[in-house]
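The values are calculated or read from the model by the stated rules, or taken from the named source; none is laboratory data. These figures come from a predicted structure and were not determined experimentally. Note that we place each Cβ from the backbone using ideal geometry, even for glycine, and neighbour counts take in every protein chain shown.
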Amino acid sequence: MGGMSQPLHIDFVSDVACPWCAVGLASLERALQNLQGQVAFEMEFQPFELNPQMGPQGQDASEHLTQKYGSTPEQQAQSRAGIADRGAAVGFQFRKEGRGRVWNTFDAHRLLVWAGEQGAQQQRDLKMALLEAYHGEGRSPADHAVLAEVAASVGLDGNAAKEVLASDRYADEVRKREAHFQGLGIHAVPSVIVNGRHLIQGGQPPEVFEQALRQLATGQ
């Protein structure tokens, strides 16, 4: 059989609120660039909420991490520096002082489902731009004005985005997808699922993704 086989279907399960998801996506994209012309793929972004109970006011990030993981501000700063280094290695710039607050991301996930209906590239561009707005610039992914502005910045219709956000469109779809992936046993993100059955966990370096995807593409 000549040429490329069936495109790999990649589900990237992640939360805009997760710094490792930014690293994981930037890393996976490097791998996919390296595989261009060798491995065909289609990628879809799937919702996962790290803090589904988070209220509309959000919470101070340091306070949140202390509460959730019992970490000290020093440990958090160390972990931030480590993540920033890993991000820099794959071209993702984190804001030095961290993300400031932790927010509810449900509306961001609704907007991503909407973007996915416009096309895979639009969804990818919105996803990356939301990660950059939050982790790179400390802007709130819970703020409808920010979400609509980020959507417009990647060429989506900002007014249509505002209408989606003002409604409860895609809420059921987001919950259904979240339940589906939790049902598959996904409890940590980023999780990369290939063809609905192969799991590659999290923030791997590009060469790990590259090797795994190449194996799956030749062996499927």
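Worth a mention:
- Matching residues, region 44-76, being of a type in the set (Ser, Thr, Tyr) and not in a helix (DSSP H, G or I): Ser71, Thr72
- Annotation: Val146 fulfils all but one of (1) at pLDDT below 95; (2) over 24 Å from Leu28 (Cβ atoms); the unmet one is (1).
- For region 168-190, taking the residues that are in contact with a Lys or Arg (Cβ under 7 Å, 6 or more places away or on another chain) and outside any helix (DSSP H, G or I), the one that is surrounded by the most Cβ atoms within 10 Å (Cβ to Cβ) is identified as Tyr170.
- Gly98 being closer than 20 Å to Val189 by Cα, surrounded by 12 or more Cβ atoms within 10 Å (Cβ to Cβ) and in contact with a Lys or Arg (Cβ under 8 Å, 6 or more places away or on another chain): yes
- Selection within region 5-31 - assigned to a helix (DSSP H, G or I) and over 12 Å from Gly202 (Cα atoms): Glu29, Arg30, Ala31
- Selected residue (only one of Gly100, Gly116 is of a type outside the set (Asp, Glu), at pLDDT below 95 and in contact with a strand residue (DSSP E or B) (Cβ under 9 Å, 6 or more places away or on another chain)): Gly100
- Residues located in region 35-58, provided they are surrounded by 15 or more Cβ atoms within 10 Å (Cβ to Cβ) and over 25 Å from Ala179 (Cα atoms): Leu35, Val39
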